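The values are calculated or read from the model by the stated rules, or taken from the named source; none is laboratory data. Keep in mind that what you see is a predicted model, and the values were worked out from it rather than measured. In this analysis, Cβ positions are derived from the backbone assuming ideal geometry, glycine residues included, and neighbour counts consider all displayed protein chains.
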Ligand SMILES: Cc1cc2nc3c(=O)[nH]c(=O)nc-3n(C[C@H](O)[C@H](O)[C@H](O)COP(=O)(O)OP(=O)(O)OC[C@H]3O[C@@H](n4cnc5c(N)ncnc54)[C@H](O)[C@@H]3O)c2cc1C
C-alpha cells in the first residue's frame, strides 16, 4: 500500500472478496441450464405476453434470424434487469409489479498502476466508492460511477465527464499522476436498484425484491440484485413459485459447480499441470490459459489436438480455430465480438486487422454452414 498511495494515507482495512467475468458467468449459466435440458434462445426478445386461461401466450422475436415465434408458458419470470419495469408495464401488462431506480456505472481501463492482484477501495468526498482493480496482464480498472438515469438504453462506453471523475478520484489517493493516464478501454452498465424511496443512489438497497402477481398464471418480477447473490436469488424465486410447481424439487445450487468447474477434487494448479502433461505437444502456457478459460471442459475444446497444427487457424493472441468452433458450438458465439470480448478477453491481444479477419472468417463459415 505504501508504494502506491500518497504518504498521508497510512491506515486501511483489508478484506477478501471474489471476482468473476460477468459475461462468462452468464454464458456458463446458460450452458449449465442447457446441459440440464433448458432451451436457450439468445438474441431473442419477448415482445408480448398475454394470459390465456391457465397459461401465458408469449410472443418472441429472434433478432438474429428476424423471425417471430410463439410459445406458451405456465409461468413467467421477468428477470429483465434494468428493463424489468418496462417489461412489466409494456410486455406482460402487470405494471403494479414495483419500481426501479436506474444508476449508470462506468469503468475505465488504464495501464497497470500497481503489481499484485488485490484491489483498492477509495472513499471519495461525495461519499461514493471508487475502486482500483487489477485487470488482465498489464492493466488496472478504475470504477465505478453512480449516476442516476431515466432509461436503461445507454451509451456503452464511459463519457468524458465520467473518465475525468474516475481519474480525478484516483489521482487524489495515488502518488502517480493518473489525471492524463491513457484510457485503453471503458464500459458503462446500468444497475437496476429496487426503489426503496432513498434519494441518494449510493444509499439505495443493493438487495433484491421478488414480486409475484398470481391473479391468473403467475408472473414473478425480479427487481434489483447482485451477481454475488444470483444463485440465492434464483432459489428464492423458485420458492415464490413453489405452489405453482409442486414437483420442482429442492434447492441444489449450493454444491453445483458451473460447467468446467468440477476439477475432480484437484487444486487448479495441479489440474493445469496434469492437463499440460496430457497435451504435451501443445504450448504449455497456451494450455494453462485455456484451462483458466474452460476449466475441466478443456477436453471438449481441445478434443483430439495433440500438436499445435491440430489447433487449426491461429487468429492471434491465444485464439485458435478449435476454441472458436467450441465457443460457437457450446457458447452461442455468432459474431467475432462474442468471442473477443464476452467469451474471452482476446480482443485486447488481437490487432485491428486480426479482429477483422476473425469477423470475416466467422461470417463466411457461418454462411457456408461450416461453423
Ligand atoms: C457498473 C456496475 C457494477 C456492478 N458491480 C457489481 C459487483 O461488483 N458485484 C455484484 O454482485 N454486482 C454488481 N453489479 C450488479 C450486477 O451486474 C447485476 O446485478 C446483474 O448483472 C443483474 O443481472 P440480471 O440478469 O438481473 O440483469 P441483466 O444482466 O441486466 O440481464 C437482463 C437481460 O434481460 C434482457 N431483456 C430485457 N428486456 C427483454 C425482453 N423484452 N425480452 C428478452 N430479454 C430482455 C436484456 O437484454 C439483458 O440481457 C454491477 C452492475 C453495474 C452496472
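Only residues that are away from the ligand (no atom under 14 Å from the Cβ) and surrounded by fewer than 20 Cβ atoms within 10 Å (Cβ to Cβ): list them for the stretch 123-156, please.
If the condition is that a residue be away from the ligand (no atom under 14 Å from the Cβ) and surrounded by fewer than 20 Cβ atoms within 10 Å (Cβ to Cβ), then 123, 124, 125, 126, 127, 134, 136, 137, 138, 139, 150 are the ones that fit.
Residue by residue through the stretch 63-92, note down the ones that are crowded, with 17+ Cβ neighbours inside 10 Å and more than 10 Å from the ligand (Cβ to nearest atom).
Of everything in the stretch 63-92, those that are crowded, with 17+ Cβ neighbours inside 10 Å and more than 10 Å from the ligand (Cβ to nearest atom) turn out to be 76, 77, 85, 88.
Quick one: which residue in 210, 241, 233 is more than 20 Å from the chain's Cα centre (by Cα) and within 12 Å of the ligand (Cβ to nearest atom)?
210
Which one is farthest from residue 318 (Cα to Cα), of the residues in the stretch 128-147 that are out of contact with any strand residue (DSSP E or B) (no Cβ under 6 Å at 6 or more places or on another chain) and in contact (Cβ under 8 Å) with a residue 40 or more places away in the chain?
Taking the candidates together, the pick is 128.
Can you find even one residue in the stretch 81-103 that is under 30 Å from residue 11 (Cα atoms), in contact (Cβ under 8 Å) with a residue 12 or more places away in the chain and part of a loop (DSSP other than H, G, I, E, B)?
Among the residues of the stretch 81-103, not one is under 30 Å from residue 11 (Cα atoms), in contact (Cβ under 8 Å) with a residue 12 or more places away in the chain and part of a loop (DSSP other than H, G, I, E, B), which makes the answer no.
Between a residue in the stretch 107-122 that is over 19 Å from residue 161 (Cα atoms) and any residue that is within 15 Å of the ligand (Cβ to nearest atom) and outside any loop (DSSP other than H, G, I, E, B), which pairs come within a Cβ distance under 6 Å, given they are 6 or more apart or on different chains?
Taking only residues 6 or more apart or on different chains, the pairs are 117/134; 119/131; 119/133; 120/132; 121/129; 121/131.
Only one of these is touching a strand residue (DSSP E or B) at 6+ places or on another chain (Cβ under 8 Å) and more than 23 Å from residue 79 (Cβ to Cβ): 184, 220, 210, 193. Name it.
That would be 184, the only listed residue that is touching a strand residue (DSSP E or B) at 6+ places or on another chain (Cβ under 8 Å) and more than 23 Å from residue 79 (Cβ to Cβ).
Got a sec? Which helices (runs of 4 or more DSSP H) wholly within the stretch 257-371 have at least 2 residues that are in contact (Cβ under 8 Å) with a residue 60 or more places away in the chain?
321-331
So residue 55 clears everything in (1) more than 12 Å from the ligand (Cβ to nearest atom); (2) under 30 Å from residue 173 (Cβ atoms) except one condition, right? Which one?
For residue 55, the exception is condition (2).
Which of the numbered conditions does residue 179 fail, given that it passes all the others? Conditions: (1) out of contact with any strand residue (DSSP E or B) (no Cβ under 6 Å at 6 or more places or on another chain); (2) within 13 Å of the ligand (Cβ to nearest atom); (3) modelled with pLDDT under 90.
The one condition residue 179 does not meet is (2).
Checking residue 169 against (1) surrounded by 15 or more Cβ atoms within 10 Å (Cβ to Cβ); (2) more than 16 Å from the ligand (Cβ to nearest atom): exactly one of these is not met. Which one?
Going through the list (1) surrounded by 15 or more Cβ atoms within 10 Å (Cβ to Cβ); (2) more than 16 Å from the ligand (Cβ to nearest atom), residue 169 breaks only (2).
What strands (runs of 3 or more DSSP E), lying completely within the stretch 126-240, carry at least 2 residues that are farther than 30 Å from residue 57 by Cβ, in contact with a helix residue (DSSP H, G or I) (Cβ under 8 Å, 6 or more places away or on another chain) and not assigned by TED's automatic domain parsing to the domain that holds residue 87?
129-135, 139-143, 147-149, 185-194
Exactly one of (1) in contact with a strand residue (DSSP E or B) (Cβ under 9 Å, 6 or more places away or on another chain); (2) assigned to a loop (DSSP other than H, G, I, E, B) is unmet by residue 77. Its number?
Answer for residue 77: the failing condition is (2).
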